[in-house]
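Everything below concerns the one structure shown next.
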Amino acid sequence: MSRAFTRSAPSSCSTPSSWDSCTRGIRSPRCSRGRSCGSSATRGATSCSQATLSISQTAGRTEHSSVQSSRRINPIGTAFVSVTISSERIAEQFARLRASGRRALVPYVTAGHPSPDETLALLSGLEDAGADVIEVGVPFSDPMADGPIIQASSQQALAAGMTFDGVLDTVSRAKLGVPIVLFTYLNPLLAAGRDALTRAAEAGVHGVLVTDLPVGADAEREQWLGDGPLAFIRLVAPTTPQARMAEISQHGSGFVYLISRLGVTGVRETLPPDLPATVRRLRQSTQLPICVGFGVSRPEQARAVAELADGVVVGSAIVRAAGESVESAVTLAASLRAAIDTVSP
């Protein structure tokens with residue numbers, strides 16, 4: 001049984017030393033929106049968040065960070081589970097795919113959508129349909145980087161009572177054989193407590209992607225994530241300069257998530273014409289696998305992306321299909337898998 005999620009971590013809680021007072025709901029300084037970030041009694045998130053930029057904006061910011069991607073220490077002081085068990089699982093999966101000449105299918109689901117029970121069926125069905133990695137979204141009340149489809153799925157999941165602990169419980173119960181990446185905004189992660197990464201790893205999560213934490217934005221929190229038991233996946237925007245691409249990649253692990261276009265998530269009719277050049281620039285900047293997402297919804301688009309990248313991320317289209325039925329989402333995933341597999345090694 002998941003625990004009630006009644007805490008929120010305001011965006012003014014910028015250092016681990018301020019964490020305790022923030023997560024206990026003690027009144028803290030005003031946030032960037034000009035409101036005081038006190039405690040929240042919502043089911044899983046606060047609407048007062050750092051997510052005031054789109055994913056593409058945060059991924060392309062040009063601050064420089066002194067964060068090291070070493071996993072030797074944990075500045076928060078939490079005992080982590082074995083790094084090998086969790087964080088290396090994604091790297092191992094991509095190594096196997098590369099050895100066999102295959103590209104990864106990476107579907108996204110919002111935990112708790114269409115319902116908690118249907119999420120379990122959906123996760124199992126996506127694995128059976130050929131997913132190689134699955135992104136599980138943590139519902140958030142202020143998902144500024146997401147388009148209307150994923151926003152609506154988050155609101156539906158929150159209304160049904162889904163919490164951060166509920167997400168972990170769902171992952172644990174699913175017992176999947178493929179790696180799981182937790183796709184989250186920063187606030188729900190902080191509100192879950194300083195042991196959130198450890199609990200996630202113990203539940204069967206292998207990586208984490210924080211949409212509103214660009215490299216250089218918060219060194220202590222980035223180090224907490226980078227030194228933790230999960231692969232720390234970073235976002236790169238199509239407008240990111242090549243030197244910045246290299247910097248971002250150096251502070252991540254698992255794979256690099258390349259956003260195919262500027263803006264929020266959502267289904268698109270066409271892929272950007274400059275995507276091949278963007279992937280080439282990123283390929284020159286990192287040795288990590290590259291997965292491309294945003295706007296991929298049809299088999300022919302998935303195949304085109306697979307010609308360029310190591311993995312294809314499909315989010316809004318899967319979520320939209322899941323809103324119709326689990327079977328619709330699984331059928332879509334199977335068609336995407338078939339299209340990706342037509343790409344030559």
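The values are calculated or read from the model by the stated rules, or taken from the named source; none is laboratory data. The structure presented is a predicted model; accordingly, all values stated were derived computationally and were not measured. Neighbour counts run over all protein chains shown; Cβ positions are idealised from the backbone, glycine included.
Screening the candidates 264, 330, 312 for the property of being on the phi < 0 side of the Ramachandran plot, in contact with a Ser or Thr (Cβ under 6 Å, 6 or more places away or on another chain) and either part of a loop (DSSP other than H, G, I, E, B) or at pLDDT 95 or above (or both) yields one hit, 264. Assess whether residue 256 counts as being touching a Cys at 6+ places or on another chain (Cβ under 9 Å), at pLDDT 95 or above and β-branched (Val, Ile, Thr). Criteria met by residue 256.
Evaluation of residue 116 against the conditions (1) touching a Ser or Thr at 6+ places or on another chain (Cβ under 9 Å); (2) at positive phi shows that the sole unmet condition is (2).
Of the residues making up the range 302-330, those that are crowded, with 20+ Cβ neighbours inside 10 Å and without any contact (Cβ under 8 Å) to a residue 24 or more places away in the chain number 1. Evaluating residue 193 against the criteria (1) of a type outside the set (Ser, Thr, Tyr); (2) in a helix (DSSP H, G or I); (3) surrounded by fewer than 23 Cβ atoms within 10 Å (Cβ to Cβ) leaves one unmet condition, (2).
Looking across the range 213-240 at every residue that is over 16 Å from the mean Cα position of the chain (by Cα) and hydrophobic (A, V, I, L, M, F, W, C), the one that is surrounded by the most Cβ atoms within 10 Å (Cβ to Cβ) is identified as 224.
Checking each residue in the range 199-212 for being surrounded by 23 or more Cβ atoms within 10 Å (Cβ to Cβ) and assigned to a loop (DSSP other than H, G, I, E, B) picks out 205, 206, 211, 212. Of the residues making up the range 164-186, those that are outside any strand (DSSP E or B) and hydrophobic (A, V, I, L, M, F, W, C) are 164, 167, 168, 171, 174, 176, 178, 186.
Just to verify a result, which residue in the range 104-126, among those that are among the polar types (S, T, N, Q) and surrounded by fewer than 24 Cβ atoms within 10 Å (Cβ to Cβ), is farthest from residue 332 (Cα to Cα)?
115
When the range 310-345 is filtered for residues that are under 17 Å from residue 154 (Cα atoms), over 21 Å from the mean Cα position of the chain (by Cα) and of a type in the set (D, E, K, R), only 324 remains. Can you tell me which residue in the range 86-112 is farthest from residue 319 (Cα to Cα), limited to those that are part of a loop (DSSP other than H, G, I, E, B) and more than 16 Å from the chain's Cα centre (by Cα)? By that ranking, first place goes to 101. A Cβ distance below 8 Å, combined with a sequence gap of six or more or placement on separate chains, defines the contacts here; from the range 92-108, residues that are under 11 Å from residue 337 (Cβ atoms) reach residues that are among the polar types (S, T, N, Q) and assigned to a helix (DSSP H, G or I) in the pairs 104/93. Residues in the range 293-309 that are of a type in the set (Asp, Glu) and part of a helix (DSSP H, G or I): 300 alone. Within the range 211-253, how many residues are of a type in the set (Asp, Glu) and over 19 Å from residue 292 (Cα atoms)? Residues meeting the conditions: 4. Of the residues 154, 172, the single one that is under 16 Å from the mean Cα position of the chain (by Cα), farther than 20 Å from residue 255 by Cβ and either surrounded by fewer than 24 Cβ atoms within 10 Å (Cβ to Cβ) or free of Cβ contacts under 8 Å to residues at least 60 places away in the same chain (or both) is 154. Residue pairs whose Cβ atoms lie under 6 Å apart, separated by 6 or more positions or on different chains, with the first residue in the range 274-300 and surrounded by 17 or more Cβ atoms within 10 Å (Cβ to Cβ) and the second of a type in the set (D, E, K, R) and in a loop (DSSP other than H, G, I, E, B), are 289/310; 290/310; 294/261; 295/261; 295/268.
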